[in-house]
Amino acid sequence: MVRLINDKNIKYLSNTAYSILRLQEKLTHIENYNYPDMEPCIFVMWHENQFLVHGIKNREKLSIQISNSIDGQVVSDVCEKWGFKVVRGSAGKKGSVESTMQMISRLKLGENVAMMVDGPHGPLHKVKNGAVKVAQMSGAPIIPVHWYSPQKTFIKLPSWDKMRTPFGGCNILNVYGEPIFVKENASDIDINNAKENIKKQLLELEEKAPKIYKEALKEKLWNKRKN
């Protein structure tokens, strides 16, 4: 089978994707709720919500973990065009020492990182070890984050991760959870508890988001930004 993405067309696909998404960004208005007043930190989200990184502040100080696959190369190219930093690989997996150490190094420099805790191939909503290991080795807190909009222009794609993305004018809210710290000498039980906490908070944020969004509407949050 011929791959849709290959070495010959990857640059063209990256440029095309960036042009389309850059146009969409002008129509997308993301506001933050309970944004953490702490740096550095590890922002974690489900793979379906990976585009929410556009609402995180100071993108020039945000490194996004992206897989080493050829598909990931397109995503990586687009992110770098957008002003984000990129770390290739999957932290916490065999053969991923370099990726893990890059994440830790950037946290030590005072920068933030973003990781999809159930990516890049699932299973859906199963928290893997990567973010917890990086937190354990760096001392930086984990911050769960979820995004939400009730608008029809906030669509779900027919992909394995049910990716969410705006399509047309859309007001979106990024909702942040409470920090999760992992001790340097954490036991296996501590690590599993941290993973359960991540999953619990992400699911709770998803449940609470509609109510928080309504409150943001009453405060005319998006109108203030546009003014």
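Points to keep in mind about this one:
- Residue 166 being in contact (Cβ under 8 Å) with a residue 60 or more places away in the chain, surrounded by fewer than 14 Cβ atoms within 10 Å (Cβ to Cβ) and over 21 Å from residue 38 (Cα atoms): no
- Flag for residue 131 being over 26 Å from residue 18 (Cβ atoms) and under 13 Å from the mean Cα position of the chain (by Cα): yes
- Looking across 133, 126, one residue alone is assigned to a loop (DSSP other than H, G, I, E, B) and of a type outside the set (Gly, Ala, Ser). It is 126.
- Residue that is surrounded by 11 or more Cβ atoms within 10 Å (Cβ to Cβ) and either on the phi > 0 side of the Ramachandran plot or in a helix (DSSP H, G or I) (or both), where the choices are 208, 183, 224: 208
- Flag for residue 218 being open to solvent by 60 Å² or more (accessible area, probe 1.4 Å), over 30 Å from residue 136 (Cβ atoms), out of contact with any helix residue (DSSP H, G or I) (no Cβ under 9 Å at 6 or more places or on another chain) and charged (D, E, K, R): yes
- Count - residues of the stretch 39-77 that are outside any strand (DSSP E or B), of a type outside the set (S, T, N, Q), in contact with a strand residue (DSSP E or B) (Cβ under 6 Å, 6 or more places away or on another chain) and at pLDDT below 90: 2
- Residues that are modelled with pLDDT of 90 or more, open to solvent by 20 Å² or more (accessible area, probe 1.4 Å) and not charged (D, E, K, R), drawn from the stretch 87-109: 101, 102, 105, 109
The values are calculated or read from the model by the stated rules, or taken from the named source; none is laboratory data. Quantities reported herein were computed from a predicted structural model and do not represent experimental measurements. Neighbour counts run over all protein chains shown; Cβ positions are idealised from the backbone, glycine included. Heavy atoms of the whole protein, side chains included, go into the accessibility calculation; ligands, DNA and RNA do not. Shrake-Rupley method; radii C 1.70, N 1.55, O 1.52, S 1.80 Å.
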